[in-house]
1. If you go through segment 12-58, how many residues are among the hydrophobic types (A, V, I, L, M, F, W, C) and in contact with a Lys or Arg (Cβ under 9 Å, 6 or more places away or on another chain)?
2. Show the residue pairs meeting these rules: Cβ distance below 6 Å; 6+ apart or different chains; first residue within segment 22-44 and within 18 Å of GLN57 (Cβ to Cβ) and in the same structural domain as ARG120 (by TED's automatic domain parsing); second residue surrounded by 15 or more Cβ atoms within 10 Å (Cβ to Cβ) and modelled with pLDDT of 95 or more.
3. Test of understanding: among ASP129, ASP109, which residue is surrounded by 21 or more Cβ atoms within 10 Å (Cβ to Cβ), of a type in the set (Asp, Glu) and either over 18 Å from PRO86 (Cα atoms) or not assigned by TED's automatic domain parsing to the domain that holds ARG64 (or both)?
Amino acid sequence: MSDPQLATVLEAILFGAGRSMSLEELSQILGEPKGVIHVGLSNLRKDFEQRDGGALQLTDVSGRWIFEVKPELSSFLPETFRADIPQRLLPAAALIAYHQPMQQSQLKDMLGQKAYDHVRDLASMGLIDRRREGLTRRLTTTRRFAEYFGCPEVEFRKVRLWFRSEAEKMGLTSAQLAASLAPDEQMTISEFSDDSVQGVEAGMGD
């Protein structure tokens with residue numbers, strides 16, 4: 001039996017892992033340069049796009065690759081099929097959604113050092129996008145985040161408005177909302193003004 005093509009091996013690894021994986025991880029596993037891995041992933045994604053009636057797609061989320069159900073089929077999945085987010089990550093997820101685009105350093109001011117671990121875990125699950133911006137990272141939610149929380153919008157500014165509307169209905173600030181999502185953690189969360197967040201967005205433009 002001849003050796004399988006790289007795309008086939010990548011499909012097996014990603015499917016078996018059941019989580020997102022970076023080019024670095026895949027490169028180390030297979031002993032191939034990241035450029036070669038990227039070409040293999042691109043070919044694999046094209047292959048899935050051309051398959052008739054397939055339920056899965058290969059997605060690049062913040063530089064990490066993962067198999068996921070096509071958006072148009074997500075409504076057919078039972079609620080119990082949805083992967084759970086660990087309770088400890090929910091406060092960080094809520095704060096990012098509420099204040100996005102949010103600097104990682106601002107999240108750290110609200111949550112403390114644990115913010116860095118939470119950002120890494122949320123990114124690995126494909127729920128947030130973290131992009132390098134100077135000495136920190138700019139955090140926004142992804143389409144997968146919107147689907148998980150049942151938000152009817154996908155674009156991060158609209159997700160922010162929706163999340164704030166939901167918090168307002170409950171009469172909660174962002175810190176209060178975040179703390180309520182993980183009561184067992186007994187977290188102390190600092191509140192802060194949105195002025196700096198809006199400044200980040202103004203500097204970005206549309």
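1. Residues of segment 12-58 among the hydrophobic types (A, V, I, L, M, F, W, C): 12-15, 17, 21, 23, 26, 29-30, 36-37, 39, 41, 44, 48, 55-56, 58.
If we keep only those that are in contact with a Lys or Arg (Cβ under 9 Å, 6 or more places away or on another chain) too, we end up with 21, 23, 26, 55-56, 58.
Total satisfying the criteria: 6.
2. No pair meets every condition.
3. Numbers: ASP109 fails: surrounded by 21 or more Cβ atoms within 10 Å (Cβ to Cβ).
Of the residues listed, the single one that is surrounded by 21 or more Cβ atoms within 10 Å (Cβ to Cβ), of a type in the set (Asp, Glu) and either over 18 Å from PRO86 (Cα atoms) or not assigned by TED's automatic domain parsing to the domain that holds ARG64 (or both) is ASP129.
The values are calculated or read from the model by the stated rules, or taken from the named source; none is laboratory data. This one's a predicted model, so the numbers in the text were calculated from it and none came from an experiment. Don't worry about glycine lacking a Cβ; one is built from the backbone with ideal geometry, like all the others, and counts go over all protein chains shown.
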